Amino acid sequence: MLVNVCRHELVVHDAAFRHGIAINSGFVANHACLAVYYALLGRLDEAAAAAAETRRIYPGALPRPIFTDMAMYERFLQGYTQVGFDKDVILGQDLG
């Protein structure tokens with residue numbers, strides 16, 4: 001799903017992430033991806049709310065996503081940092 005967001009195809013919408021959250025509300029990746037998705041769309045209030053919910057349920061370092069395309073990874077990181085997540089600390093790894 002997130003691949004589409006990073007490629008700007010944006011065919012996936014918040015309903016897909018919300019469906020994932022409804023199925024398993026404790027799966028932090030759905031919450032974090034929803035925050036990134038909103039940030040990339042410029043929906044910053046919704047991004048902030050989704051980011052806050054991500055931090056509420058999972059205050060630690062977030063799981064590092066796996067991308068084979070570095071351009072897509074950079075696009076993800078753009079949204080990731082827009083919502084206030086620390087890109088330098090993903091599962092305690094220094095990516096800088």
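The values are calculated or read from the model by the stated rules, or taken from the named source; none is laboratory data. Owing to the predicted nature of the structure, the values given are computational and were not obtained by experimental measurement. In this analysis, Cβ positions are derived from the backbone assuming ideal geometry, glycine residues included, and neighbour counts consider all displayed protein chains.
Could you tell me whether THR68 is out of contact with any Gly (no Cβ under 8 Å at 6 or more places or on another chain) and outside any loop (DSSP other than H, G, I, E, B)?
It is false that THR68 is out of contact with any Gly (no Cβ under 8 Å at 6 or more places or on another chain) and outside any loop (DSSP other than H, G, I, E, B).
Going through TYR80, TYR58, TYR73, TYR38 one at a time, which residue ends up being at pLDDT below 85, in contact with a helix residue (DSSP H, G or I) (Cβ under 6 Å, 6 or more places away or on another chain) and aromatic (Phe, Trp, Tyr)?
Values: TYR58 fails: at pLDDT below 85; TYR73 fails: in contact with a helix residue (DSSP H, G or I) (Cβ under 6 Å, 6 or more places away or on another chain); TYR38 fails: at pLDDT below 85.
The unique qualifying residue is TYR80.
Restricting attention to the stretch 20-39, the residues that are among the hydroxyl-bearing types (Ser, Thr, Tyr) and free of Cβ contacts under 8 Å to residues at least 40 places away in the same chain add up to 1. If you filter the stretch 17-32 down to residues that are assigned to a loop (DSSP other than H, G, I, E, B) and of a type in the set (Gly, Ala, Ser), you find that the one that is surrounded by the most Cβ atoms within 10 Å (Cβ to Cβ) is SER25.
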